[in-house]
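Colleague: Take a look at the following structure, please.
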Amino acid sequence: MIMKGSECKVGAADCGWNRIWSGRDSRLGSVDMGDPEAVFMELKRMAGYDAHELDYKAMRAYHDSIYRAMGSPRSVYEVGCGCGANLYLMQRDGVRVGGIDYSPAMVETARRVLGPGVRELACGEARDMPTDIRYDAVLSNSVFAYFPSLDYAGAVLDKMALKADTAVIVDVHDAGMREEYLDMRRGMIPGYDEKYAGLNKLFIPRSFFEDWAEMSGFSARFERPSVEGYWNAPYVYTAVLVREGGRRA
Ligand SMILES: C[S@@+](CC[C@H](N)C(=O)[O-])C[C@H]1O[C@@H](n2cnc3c(N)ncnc32)[C@H](O)[C@@H]1O
């Protein structure tokens with residue numbers, strides 16, 4: 001279900017994660033809106049990148065590498081755009097942007113920072129993204145790990161393929177590194193298992209994207225994150241899916 005206002009109802013993906021993302025607070029009120037670095041870092045904090053110290057230079061370098069992986073597009077739609085951190089930087093660089101996220105608090109903040117120039121912005125489940133407006137590329141950054149199942153992830157990929165000929169999925173939790181990731185989190189957060197009870201992450205093997213790509217007429221390749229000091233880097237990968245033979249008829 002898609003809602004354009006501040007209310008947002010979710011269906012199949014309504015799980016503990018949705019409550020977490022809907023409860024994130026914005027501190028933009030205390031940020032100098034004329035300082036893009038400070039705005040971007042606050043948007044990333046609100047989107048959950050606050051487990052460790054990460055500096056702007058490293059985050060910006062990661063952002064630029066993701067933009068290049070998308071083929072330096074002129075228009076980008078982001079699935080699970082959060083409060084618009086990635087779209088904010090791209091819009092400032094002249095890219096036409098749109099997005100969807102199921103957290104009303106996140107979408108409200110995204111609306112504020114992206115302003116009237118945003119092409120489309122909806123509050124709703126990734127699986128229900130509207131497909132009428134097409135883009136050069138569709139991005140999903142640190143979102144697939146919160147999906148309830150591989151079936152759900154496959155349904156989202158099918159929709160992404162209707163939005164653009166290039167789909168880039170960043171920070172996919174590597175199924176082969178599941179135990180190592182959980183050990184790292186347990187070491188980092190005291191009482192991790194109790195705190196995160198019922199908040200499962202989806203771990204995805206690369207073969208899931210390869211199989212989807214083969215069935216859907218896309219090529220699949222994988223990259224590792226190149227960001228200094230990013231605690232998730234050893235446990236995640238980026239999937240780059242490009243339609244074979246160019247544009248969809
Ligand atoms: C870690 S944040 C990343 C936000 C943004 N992509 C970024 O890189 O700054 C994850 C986001 O995914 C959104 N999300 C998770 N599952 C979703 C779903 N099924 N449908 C729509 N949004 C979802 C959350 O609300 C949250 O904003």
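The values are calculated or read from the model by the stated rules, or taken from the named source; none is laboratory data. Fair warning: this is a prediction, and the values are worked out from it, not measured in the lab. Don't worry about glycine lacking a Cβ; one is built from the backbone with ideal geometry, like all the others, and counts go over all protein chains shown.
Colleague: Considering every residue within the stretch 148-165, establish whether at least one is of a type outside the set (S, T, N, Q), within 18 Å of Arg74 (Cα to Cα), under 18 Å from the mean Cα position of the chain (by Cα) and not in a helix (DSSP H, G or I).
Modeller: yes
Colleague: Filter the stretch 152-165 down to the residues that are farther than 23 Å from Tyr196 by Cα and either charged (D, E, K, R) or within 11 Å of the ligand (Cβ to nearest atom) (or both) and list them by number.
Modeller: Ala155, Val156, Asp158, Lys159, Lys163, Asp165
Colleague: Exactly one of (1) at pLDDT below 90; (2) surrounded by fewer than 14 Cβ atoms within 10 Å (Cβ to Cβ); (3) not aromatic (Phe, Trp, Tyr) is unmet by Asp32. Its number?
Modeller: All conditions are met except number (1).
Colleague: Select from the stretch 99-126 the residues that are touching a Leu at 6+ places or on another chain (Cβ under 8 Å), near the ligand (Cβ under 9 Å from one of its atoms), in a strand (DSSP E or B) and farther than 11 Å from Tyr88 by Cβ and list them in ascending order.
Modeller: Across the stretch 99-126, the qualifying residue is only Ile100.
Colleague: If you scan the stretch 134-147, which residues turn out to be assigned to a loop (DSSP other than H, G, I, E, B) and crowded, with 21+ Cβ neighbours inside 10 Å?
Modeller: If the condition is that a residue be assigned to a loop (DSSP other than H, G, I, E, B) and crowded, with 21+ Cβ neighbours inside 10 Å, then Tyr135, Val143, Phe147 are the ones that fit.
Colleague: In the list Gly34, Gly48, which residue meets the criterion of being more than 16 Å from the ligand (Cβ to nearest atom) and either in a loop (DSSP other than H, G, I, E, B) or touching a Pro at 6+ places or on another chain (Cβ under 8 Å) (or both)?
Modeller: Gly34
Colleague: How many residues does the stretch 194-249 hold that are free of Cβ contacts under 8 Å to residues at least 24 places away in the same chain, closer than 20 Å to Ile66 by Cα and part of a helix (DSSP H, G or I)?
Modeller: Number of matching residues: 2.
Colleague: Determine which single condition Thr131 fails, assuming it passes every other condition in (1) surrounded by fewer than 22 Cβ atoms within 10 Å (Cβ to Cβ); (2) in contact (Cβ under 8 Å) with a residue 40 or more places away in the chain; (3) hydroxyl-bearing (Ser, Thr, Tyr).
Modeller: (2) is the only condition that Thr131 fails.
Colleague: Report, by residue number, each residue of the stretch 71-118 that is buried (at least 21 other Cβ atoms within 10 Å of the Cβ), more than 18 Å from Pro130 (Cα to Cα) and among the polar types (S, T, N, Q).
Modeller: Asn86, Thr109
Colleague: So Val172 passes all but one of these: (1) within 14 Å of Leu202 (Cα to Cα); (2) away from the ligand (no atom under 12 Å from the Cβ); (3) modelled with pLDDT of 95 or more; (4) assigned to a helix (DSSP H, G or I). Which condition number does it fail?
Modeller: So the condition that Val172 fails would be (4).
Colleague: Got at least one residue in the stretch 168-176 being over 17 Å from the mean Cα position of the chain (by Cα), without any contact (Cβ under 8 Å) to a residue 12 or more places away in the chain and more than 16 Å from Ser140 (Cα to Cα)?
Modeller: Of the residues in the stretch 168-176, the ones over 17 Å from the mean Cα position of the chain (by Cα) are 175-176.
With the extra rule that they be without any contact (Cβ under 8 Å) to a residue 12 or more places away in the chain, the set shrinks to none.
Looking for residues that are over 17 Å from the mean Cα position of the chain (by Cα), without any contact (Cβ under 8 Å) to a residue 12 or more places away in the chain and more than 16 Å from Ser140 (Cα to Cα), one finds none in the stretch 168-176, hence no.
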